[in-house]
Amino acid sequence: MLRQIIVCSLVILSAFYGAEAQNCPRIVTRAQWGARAANTAQLPIRPAPFAVMHHTAGSACATEAACATQMRNIQNFHMNTNGWADIGYNFCVGNDGNAYEGRGWGRQGAHAPPYNNQSVGICIFGTFTSALPSAAALNASRLLITCGVSLGHLRPAYWVIGHRQASATECPGTALFNDIRNWPRFNANPSPV
């Protein structure tokens, strides 16, 4: 019975992220990457007015297996070491062009105070201080933002910011930050709602 429920849930999620969201990158669900169970709060300000860009400041990944392993490692670190309820990001993006569901749409993240209650946190696997992510990762990240708008999870008049604009950090790396400064809807002087 439990197996049937899981299979049915995966079919429904696949249909939701696939057919109904044609402007979305391929989204690898929590079940597909092997997430631990977690209980996170709903995002109180919806649709979210901000998309906050991050990097992992670690290794990039180019295959679904490698990215799934990194998702599990990050989730374990965030839960076991930081004491958070789940992985901090809403989504992570790999060099394979896939988006990996972290907390997912409509859930409050733990990635960029004071924007956690009003943003979708998107992290790209890798360190981008002097080099950019792959074209596939950049395209998937921008497409994920478009997807969030089309599904009603991001406001049509959303703002894109880098993590360093919310907190004293180098994240998302200078090269990636300089790139996102040219993305549509980048906000050079953000202020939380």
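The values are calculated or read from the model by the stated rules, or taken from the named source; none is laboratory data. Everything numeric in this text was worked out from a predicted model, so none of it was measured. Please note: Cβ atoms are built from the backbone with ideal geometry, for glycine as well, and neighbour counts cover all protein chains shown.
The table for this structure:
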quantity	calculated
Complete set of residues in region 36-66 that are aliphatic (A, V, I, L, M) and surrounded by 21 or more Cβ atoms within 10 Å (Cβ to Cβ)	Leu43, Ala48, Ala51, Val52, Met53, Ala60
Test: Arg181 is surrounded by 22 or more Cβ atoms within 10 Å (Cβ to Cβ) and basic (Lys, Arg)	no
Criterion violated by Ala168 - all others in (1) surrounded by fewer than 16 Cβ atoms within 10 Å (Cβ to Cβ); (2) of a type outside the set (Ser, Thr, Tyr); (3) under 21 Å from Asn98 (Cβ atoms) satisfied	(3)
Hits in region 1-37 (condition: farther than 18 Å from His153 by Cβ, aliphatic (A, V, I, L, M) and at pLDDT 95 or above)	Ala31, Ala35, Ala37
Residue count, region 113-169 (criterion: aliphatic (A, V, I, L, M), within 16 Å of Ile180 (Cα to Cα), out of contact with any Ser or Thr (no Cβ under 7 Å at 6 or more places or on another chain) and outside any loop (DSSP other than H, G, I, E, B))	11
Flag for Ala60 being over 20 Å from Pro133 (Cβ atoms), assigned to a loop (DSSP other than H, G, I, E, B) and of a type in the set (A, V, I, L, M)	no
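Let's see how each residue does on (1) over 13 Å from the mean Cα position of the chain (by Cα); (2) under 15 Å from Cys171 (Cβ atoms):
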| site | (1), (2) |
| --- | --- |
| Ala51 | no, yes |
| His55 | no, yes |
| Ser59 | yes, no |
| Ala66 | yes, no |
| Met71 | no, no |
| Gly88 | no, yes |
| Cys92 | no, yes |
| Gly104 | no, no |
| Tyr115 | yes, yes |
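Conditions (1) surrounded by fewer than 24 Cβ atoms within 10 Å (Cβ to Cβ); (2) free of Cβ contacts under 8 Å to residues at least 12 places away in the same chain, marked per residue:
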| site | (1), (2) |
| --- | --- |
| Ala68 | yes, no |
| Arg72 | yes, no |
| Phe77 | yes, yes |
| Gln108 | yes, no |
| Pro113 | yes, no |
| Gly121 | no, no |
